[in-house]
């Protein structure tokens, strides 16, 4: 195996790991967002369900914040900055929701935007991987 083939294989492995991480993020965002949508504060136990979903959402955004501040995070700086701002907003808005001064609708909207972005990113990555695989076949 040539050095170029070894490097290419390592690149593909790192891309698969990144795609796997995005799949996990997508599932977690979808699960939490679904819980927030399902929480009806007018039902018995609804506020408790909402509080649990909001707590999970805050934990998720905290984990994203920690990951984004890691110097090895590969995302572009402008995207990191935007997501960090969303994280800060999410934290502050959650406090307002829990105090009864706001609804959680905007938190659902933010999470849905993240879900949409992750889905789009995965689609682009899948297309790139298919093209790379086709090029490998042609080169062989």
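The values are calculated or read from the model by the stated rules, or taken from the named source; none is laboratory data. Here the structure is a predicted model, which is why all the values come from computation and not from measurement. We place every Cβ from the backbone using ideal geometry, glycine too, and count neighbours over all the protein chains shown.
In region 37-57 there is at least one residue matching the filter, namely being exposed (fewer than 15 other Cβ atoms within 10 Å of the Cβ) and in contact (Cβ under 8 Å) with a residue 60 or more places away in the chain.
Residue check: residue 76 meets all listed conditions (1) modelled with pLDDT of 95 or more; (2) out of contact with any helix residue (DSSP H, G or I) (no Cβ under 9 Å at 6 or more places or on another chain) but one, namely (1).
Contact map, region 95-111: first residue without any contact (Cβ under 8 Å) to a residue 12 or more places away in the chain, second residue assigned to a loop (DSSP other than H, G, I, E, B), Cβ cut-off under 6 Å, separation 6 or more or different chains; pairs are 96/102. Looking across region 72-124 at every residue that is more than 16 Å from the chain's Cα centre (by Cα) and not in a helix (DSSP H, G or I), the one that is surrounded by the most Cβ atoms within 10 Å (Cβ to Cβ) is identified as 104.
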